[in-house]
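To keep things clear, I will list the structure first and then write my remarks on it.
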Amino acid sequence: MTNGGPGDSRPSKNQRRDAARKKATLLREEQKKKDRRNRVFLQGGIAVAAIAIVGIIALIIVNSIRPVGPGPANMASDGVLIGEGLTTVKTPALQPDAKPVASVPDATGTVADIRVYVDYLCPYCGEFELNNSDQIAQWVEAGAATVEVHPISILTSKSAGTQYSLRAANAAACVANSSPNDFYAFNAALFADQPEEGTAGLTDKQIKQVVRSSGVTSSLSKIDTCIDDVTYKSWVLDATDRALTGPIPNASIPKVTGTPTVLVNGKQYLGSLKDPKEFAAFVLQSAGATYSTSTPTPTPTPTPAG
């Protein structure tokens, strides 16, 4: 073993011990600084997370609050009333918290009063529309009947999270407000392109395409904005609540319990949704003898083959 002489430059044992103590002290101080930085970051992160949580809660609350605003024009009864010549009866917009103004049925009994509560995702509504829309249009065109369509949204949760039922009813209100005489054609077109219950339904872009394909040509930009903004969301929800809780004016039923709910002169039709002859017979029966002899007689439109 070789021993170092007087010129040996290696540190002594005491020097190494002092160096180790100094290094340990430095490490402890550095760790303390690191701990303080971590606490600052942690507190800042908690604050940011808290702010984010508050923001999310606020967003949920804001989205859950129904914006206050008037309903669509030409739907003061919560429905669109269409008369002779397929012309929509014009009414002012229903103001927030105002009660709907029920349409007045024909007092003479010579014009059948048909009311239909529909959900655009409801497959049974689609069946009724497919088999009866053309003959109803013929009766209304000739002045033998009026038809009042009430769009509601009871199947909003049945479209894979897209709220198609609500968006479609809103789109119907947009058309009623801005191009009322095109409402019946748009209503029929929505059912012609009806998605299956449980699917995502049509996108807003596709709904706007239906607006155009149904023949609407006026106020398209206004209708598009109304669809994008879901302008009448609050009104659709309120109108749906009113239909489901009642009372239903001039009707034999207190409230709507499902769709389609079809009323003729206040009496509920419970027959086949696929048989236009059966519905025509019910219209004649409900309207009475005066109606059947004094006005154009409703006759069923043959159902297309296939």
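The values are calculated or read from the model by the stated rules, or taken from the named source; none is laboratory data. What you see is a predicted model, and the numbers here were worked out from it, not measured in a lab. Heads up, the Cβs are rebuilt from the backbone with ideal geometry, glycines too, and the neighbour counts pull from every protein chain shown. All accessible areas refer to the heavy atoms of the entire protein, side chains included, with ligands and DNA or RNA removed. Shrake-Rupley method; radii C 1.70, N 1.55, O 1.52, S 1.80 Å.
Positive contributions from Lys and Arg (+1) and negative ones from Asp and Glu (-1), summed over other residues with Cβ under 12 Å from the Cβ of P247, come out at +3. Using only the alpha-carbon atoms of the stretch 86-149 as identical scatterers, what base-10 log of I(q)/I(0) does the Debye formula give at q = 0.28 Å⁻¹? At q = 0.28 Å⁻¹ the computed log10 ratios are -1.21.
For the stretch 62-206, a/c is not less than 1.5, where a ≥ b ≥ c are the root eigenvalues of the C-alpha gyration tensor, and a/b does not top b/c. That puts it in the oblate class.
With a 1.4 Å probe and all protein chains left in place, how much of the accessible area of the stretch 117-240 comes from carbon and sulfur atoms, in whole percent? Before the final figure, lay out each step's value.
Details: 2160 of 4430 Å².
On the stretch 117-240, the fraction of accessible area on carbon and sulfur atoms equals 49 percent.
Under the √(5λ) rule applied to the eigenvalues of the Cα gyration tensor, what semi-axes describe the equivalent ellipsoid of the stretch 126-229? Give them in Å, descending. If you can, show how the numbers build up before the last one.
Values: eigenvalues 101, 61, 24 Å².
For the stretch 126-229, the ellipsoid semi-axes come out as 22, 18, 11 Å.
In order along the stretch 145-157, the Karplus-derived 3J(HN,Hα) couplings, from 6.51 cos²θ - 1.76 cosθ + 1.60 at θ = phi - 60°, round to 7, 10, 10, 10, 9, 10, x, 10, 10, 9, 10, 4, 8 Hz, and Gly and Pro are given as x.
For K205, the lysines whose Cα falls under 25 Å of its own Cα, not counting residues fewer than eight places away in the same chain, are K158, K222, K233.
At a probe radius of 1.4 angstrom, the accessible area of the stretch 141-228 per residue rounds to 37 square angstrom. Summing Cβ point charges (Lys, Arg +1; Asp, Glu -1) relative to the Cα centre of the stretch 98-140 gives a dipole of roughly 220 debye.
Under 5 Å between amide hydrogens, built in the peptide plane, is the criterion, and for Q268 it picks out S252 among residues at least 5 positions away or on other chains.
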